[in-house]
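**Q** This structure is in structure tokens; I'll ask about it shortly.
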Amino acid sequence: FFACRCFGGLSQTTVHIMSLVSFTCCVAATLPALAWMGQTCHGEFTNYVLDAGWPMDMPLNATRFTAVAMCGGVVTVAQRGPAYPSPFMVFTAKGQLLQSWGEKDIAFTNGIGWGVHGLNAQADDTGACFYWATDVVNHVVIKFDANGQRLASIGVNGTQGNRTKPLEFGNVADVSFDASKNLVFVSDGDGGINNRVMALEDATSGPISLKWLKGQLGTQPDEFNSPHTVAFHEQSGTLLVGDRGNNRTQQLDATTGEFVSEWTCLRPGTPWGIRMFMKKNFVFIADGTSQELTILDGTDITASGLGACKVLQKIAIDKAQCNTPHEMAIDQFSGALYLTCVNDPNSGIRRYIMS
């Protein structure tokens, strides 16, 4: 159905028509009114389609892409293939290879490849980009600058554990950020010994410290079974956790880690990757088990709950073209979506754009 509605006391009109997807748009008398209300309105939804010509410049020996990050107009991709000499590759938005880096800092196993798993990017107030990567072989989280220089390493290198002093990780999976509070969220549970999610405080001075930690193996709220991905939702101030083994997405209070609500609407599907397009308030969930990419309407997500599970589009992923959809990145200007395919013997990176 097509829904056109306005929030915050504005008039609401709903028009129902038959459709395969649902759309939400905001109608208001003036744009300043919307800005004052603080609402995010995505207008009529436009389907995403594969950009088959991207990337333009991909080395044939780069394979098994695990994660991707977008910052400063460039796309940085993490790959595990043992034949390529670096774990990270940097492309222009058009798909031209600029540089590679990371070989001095990410674990390498002969015959298997690089240990990189998760990757995300944050920009500071000046626009400078920083990259946070997870290494499931060395069990560490590493912070890099835009040129691939290591700035910090968290965890005990080469040691898998669950202590907090010093902080240890198992198969540490993914990272996300709340830049307004200098928080870094980490999911520690890609099938390893831990099933935890935590918030780290990355102060402008001093060491990175643990703010909160939640989780153990289980099915109850704030319990997890392979928390594979995390994504901070700005508008609500909450954290979405892809609780892969429990086939659900948990919503946590980003300040305390307390459970808020959950989505189970994609079952039997499993969340492998979660990312947001904040300008439009879209939520993207990659499912490496069902070979699907789902785009949801996030306008009902608040600090008190996820709201209704409104699917805007489902994209079936051909296994021959992308084996095991994994992590993603979203261009926060254009909305372009970059998807990695972790078990793909080919390049394993795809771009989707709004048609």
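**Q** What percent of all Cα-Cα pairs in the chain falls in each 10 Å bin, counting up from 0?
**A** 6, 26, 35, 24, 8, 1, 0
**Q** Any idea what the relative contact order of the chain is, in percent, if you count C-alpha pairs under 8 Å spaced at least 6 apart?
**A** Working: 1007 pairs, mean separation 48.1, N = 355.
That works out to 14 percent.
**Q** Here's a follow-up. Taking the alpha carbon gyration tensor of segment 98-250, what are the square roots of 5 times its eigenvalues, largest first, to the nearest whole Å?
**A** Details: eigenvalues 102, 80, 41 Å².
Gyration-tensor ellipsoid for segment 98-250: 23, 20, 14 Å.
**Q** Run down the lysines and flag those whose C-alpha is under 27 Å from the C-alpha of K181, throwing out any fewer than 8 positions away in its chain.
**A** K143, K165, K211, K214, K279, K280
**Q** Per residue, how many Å² of accessible area does the chain show with a 1.4 Å probe?
**A** That works out to 41 Å² per residue.
**Q** If you keep only loop residues by DSSP, which trypsin sites (Lys or Arg not before Pro) in segment 262-318 have at most 13 other Cβ atoms within 10 Å of their Cβ?
**A** Passing both the DSSP loop test and the Cβ count: no residue.
**Q** Right, here's the next one. Under a 10 Å cutoff between Cα atoms, tell me which one of T270, T238, T256 has the largest fluctuation in the Gaussian network model of the chain.
**A** T256
**Q** Then there is this: From the protein chains alone at 1.4 Å, what is the descending order of accessible area for R80, R150, largest first?
**A** Largest to smallest exposure gives the sequence R150, R80.
**Q** Among the aspartates and glutamates, select those whose C-alpha is under 12 Å from the C-alpha of K310, and discard any that sit fewer than 8 residues away in the same chain.
**A** D297, D300
**Q** Related question: Once fully extended, how much extra length lies between N47 and T109, figured as 0.36 nm per residue of separation less the alpha-carbon to alpha-carbon distance?
**A** Details: separation 62, 0.36 × 62 = 22.32 nm, distance 4.04 nm.
Separation in residues times 0.36 nm, less the Cα-Cα distance, equals 18.3 nm.
**Q** About the Cα centre of the chain, what is the dipole size in debye to 20, counting +1 per Lys and Arg Cβ and -1 per Asp and Glu Cβ, all else neutral?
**A** With Lys and Arg at +1 and Asp and Glu at -1, about 280 debye.
**Q** So, one more: Could you work out what % of the accessible surface of segment 201-355 is carbon and sulfur, using a 1.4 angstrom probe and leaving DNA, RNA and ligands out of the count?
**A** Within segment 201-355, the accessible surface is 49 percent carbon and sulfur.
**Q** Using the Karplus curve 6.51 cos²θ - 1.76 cosθ + 1.60 with θ = phi - 60°, what ³J(HN,Hα) values do you get for each residue of segment 155-169, in whole Hz, with x for Gly and Pro?
**A** x, 9, 4, x, 10, 9, x, 10, 6, 10, 9, x, 5, 10, 10
**Q** Let me make sure I get this right: for segment 58-166, a, b and c are the square roots of the gyration tensor eigenvalues over alpha carbons, sorted descending. Under 1.5 in a/c it's rounded, otherwise prolate if a/b > b/c, else oblate. Which is it?
**A** Verdict is oblate for segment 58-166.
**Q** So what are the ³J(HN,Hα) numbers for segment 239-244, from phi and the Karplus equation (6.51, -1.76, 1.60; θ = phi - 60°), rounded to whole Hz, Gly and Pro as x?
**A** 10, 9, 10, x, 8, 4
The values are calculated or read from the model by the stated rules, or taken from the named source; none is laboratory data. None of the values given here were measured: they were computed from a predicted structure. For neighbour counting, all protein chains shown are included, and Cβ atoms are generated from backbone atoms with ideal geometry for every residue, glycine included. The accessibility values were calculated without ligands, DNA or RNA, using every heavy atom of the protein model including side chains. Shrake-Rupley method; radii C 1.70, N 1.55, O 1.52, S 1.80 Å.
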